[in-house]
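The values are calculated or read from the model by the stated rules, or taken from the named source; none is laboratory data. Just so it is clear, the model here is predicted, and its values are computed rather than measured. Here Cβ is always computed from backbone atoms with ideal geometry, including for glycine, and neighbour counts include all displayed protein chains.
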Amino acid sequence: MRYVHIRTFDACDVFVPNAQIFREPLYNYTRDGLRRPSFKVGVAYHDDPDNVVELLRQAATQVSDVLDNPGPFVTVEEFAAQYIEYEVFFWLDMNESEHDLIDTQNEVKISCWRALRSAGMTFSTDVTSGLDIQTAPALEVAIADRTQ
């Protein structure tokens, strides 16, 4: 009776001393079933940020378990050395969802990946590894006459 045992979503056991609970409020953000997962993706500087933000937001909206209200949103998180980092946020109601949290997160990430790829954008968590390889035109070689 000296502590409260809380098990987190990722199966971590947390033991909070009762004295701490009496001194400070205990917040439970998931009691009503609402969750707001997010993930980050880097997109090359040559891709227009307004287009990237809207593309990612629309892609998250396409997933069935993602709530319309509050709806998904995207922030420009960081201007890194080689890419712009975006963070995609979306809301789920775990009491009403057809899928679990991990499945829905994966669906949103895949939907965003498809949208970026279809738009021809260069993206990854480290865009320096995203290469756009193109075929060079044929090279004509002529041998000079050395007898002159």
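If the requirement is being loosely packed, with under 12 Cβ neighbours inside 10 Å and either within 15 Å of Cys112 (Cβ to Cβ) or touching a strand residue (DSSP E or B) at 6+ places or on another chain (Cβ under 8 Å) (or both), which of these qualifies: His46, His5?
His5 is the lone residue from the list that is loosely packed, with under 12 Cβ neighbours inside 10 Å and either within 15 Å of Cys112 (Cβ to Cβ) or touching a strand residue (DSSP E or B) at 6+ places or on another chain (Cβ under 8 Å) (or both).
Tell me, which residue of the stretch 1-56 that is at pLDDT 90 or above and among the acidic types (Asp, Glu) is nearest to Val74 (Cα to Cα)?
Among those that are at pLDDT 90 or above and among the acidic types (Asp, Glu), it is Glu54.
Take Glu87 and tell me if it is of a type outside the set (Val, Ile, Thr) and in contact (Cβ under 8 Å) with a residue 60 or more places away in the chain.
no
Pick from Glu85, Glu54: which is surrounded by 10 or more Cβ atoms within 10 Å (Cβ to Cβ), closer than 19 Å to Gly120 by Cα and out of contact with any Lys or Arg (no Cβ under 9 Å at 6 or more places or on another chain)?
Only one candidate qualifies: Glu54.
Sort out which residues of the stretch 6-50 are within 20 Å of Leu92 (Cβ to Cβ) and of a type in the set (Phe, Trp, Tyr), and write them in order of number.
Phe9, Tyr27, Tyr29, Phe39
Check Phe73, Phe79 and return the single one that is over 26 Å from Arg7 (Cα atoms), of a type outside the set (D, E, K, R) and either in contact with a Ser or Thr (Cβ under 8 Å, 6 or more places away or on another chain) or surrounded by 13 or more Cβ atoms within 10 Å (Cβ to Cβ) (or both). First the steps, then the outcome.
Working: Phe79 fails: either in contact with a Ser or Thr (Cβ under 8 Å, 6 or more places away or on another chain) or surrounded by 13 or more Cβ atoms within 10 Å (Cβ to Cβ) (or both).
Sole residue among the options that is over 26 Å from Arg7 (Cα atoms), of a type outside the set (D, E, K, R) and either in contact with a Ser or Thr (Cβ under 8 Å, 6 or more places away or on another chain) or surrounded by 13 or more Cβ atoms within 10 Å (Cβ to Cβ) (or both): Phe73.
Of all residues in the stretch 65-80, which are aromatic (Phe, Trp, Tyr) and either part of a loop (DSSP other than H, G, I, E, B) or under 14 Å from Val108 (Cα atoms) (or both)?
Phe73
Out of the residues in the stretch 113-148 meeting the condition of being of a type in the set (Gly, Ala, Ser) and modelled with pLDDT under 75, tell me which one is nearest to Leu55 (Cα to Cα). Quick ask: steps written out before the conclusion?
Our first condition is that a residue be of a type in the set (Gly, Ala, Ser); within the stretch 113-148, this holds for 115, 118-120, 124, 129-130, 136, 138, 142, 144.
From the residues that got through so far, the ones that are modelled with pLDDT under 75 too are 124, 129-130, 136, 138, 142, 144.
Values: Ser124: 15, Ser129: 22, Gly130: 19, Ala136: 31, Ala138: 37, Ala142: 49, Ala144: 54 Å.
That would be Ser124.
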